[in-house]
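Beneath this line is the structure, given in structure tokens, with notes to follow.
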Ligand SMILES: Nc1nc2c(c(=O)[nH]1)N[C@H]1C(S)=C(S)[C@@H](COP(=O)(O)O)O[C@H]1N2
Ligand SMILES: [Mo]
């Protein structure tokens, strides 16, 4: 009688970690299991790629806004104008990078339903790392996979 092969242990399948840094009261290192602690949203997305045509995917994950707001960005939450100078830089493990503005995801402004996906098409992203999902984008280029860093930068308000 043959034995079934051992299941991969947690040690053999480490979770990717993303660093959340910048002008934040509570910077953090977050894994996909950590991200599952926020309310999860599901979305079906179609985006056009310049090289491979239209792609369809299902994603689930917390809203980027919820995760970043809990990291306490360095603005006065009562003053809406104070938020407008904040940028959000998102970087993948391969160095692919894009910027969002705070106002793009803020419910008082554009309120874009941007997600930090913890799964794609039903497959968990624990090992690959979370993926940025922007249902409002026609092009796929900002759907950054394998996110390794998010930096929130309010420095644009300083005088040159
Ligand atoms: N990390 C990373 N994410 C990336 C890219 C990349 O080069 N690196 N390319 C983007 C582009 S141009 C597209 S169209 C989509 C493609 O996603 P898909 O392979 O799931 O269809 O991924 C996006 N995310
Ligand atoms: Mo693309």
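The values are calculated or read from the model by the stated rules, or taken from the named source; none is laboratory data. Computed from a predicted model, the values in this text were never measured in an experiment. Here the Cβ positions follow ideal geometry from the backbone for every residue, glycine too, while neighbour counts run over all protein chains shown.
The strands (runs of 3 or more DSSP E) found entirely in the stretch 25-134 that carry 2 or more residues being under 20 Å from residue 15 (Cβ atoms) are 28-31, 53-61, 87-92, 115-117, 131-133. One residue stands out in the stretch 135-160 among those that are at pLDDT 95 or above and not in a loop (DSSP other than H, G, I, E, B): the one that is farthest from residue 67 (Cα to Cα), namely 139.
Of the residues 108, 121, 66, 94, the single one that is exposed (fewer than 14 other Cβ atoms within 10 Å of the Cβ), without any contact (Cβ under 8 Å) to a residue 60 or more places away in the chain and more than 16 Å from ligand 2 (Cβ to nearest atom) is 108.
Of the residues making up the stretch 45-55, not a single one is at pLDDT 95 or above and away from ligand 2 (no atom under 16 Å from the Cβ).
Pairing residues of the stretch 69-80 that are closer than 14 Å to residue 108 by Cα with residues that are modelled with pLDDT under 95 and in a loop (DSSP other than H, G, I, E, B), at Cβ distances under 9 Å and at least 6 apart in sequence or on separate chains, gives 69/77. Within the stretch 122-130, not a single residue is within 13 Å of ligand 1 (Cβ to nearest atom), farther than 17 Å from residue 19 by Cβ and within 10 Å of the chain's Cα centre (by Cα). Residue 113 fulfils the conditions (1) surrounded by fewer than 19 Cβ atoms within 10 Å (Cβ to Cβ); (2) within 16 Å of ligand 2 (Cβ to nearest atom) except for a single criterion, (2).
Against the list (1) away from ligand 2 (no atom under 16 Å from the Cβ); (2) over 14 Å from the mean Cα position of the chain (by Cα), the condition residue 140 fails is (1).
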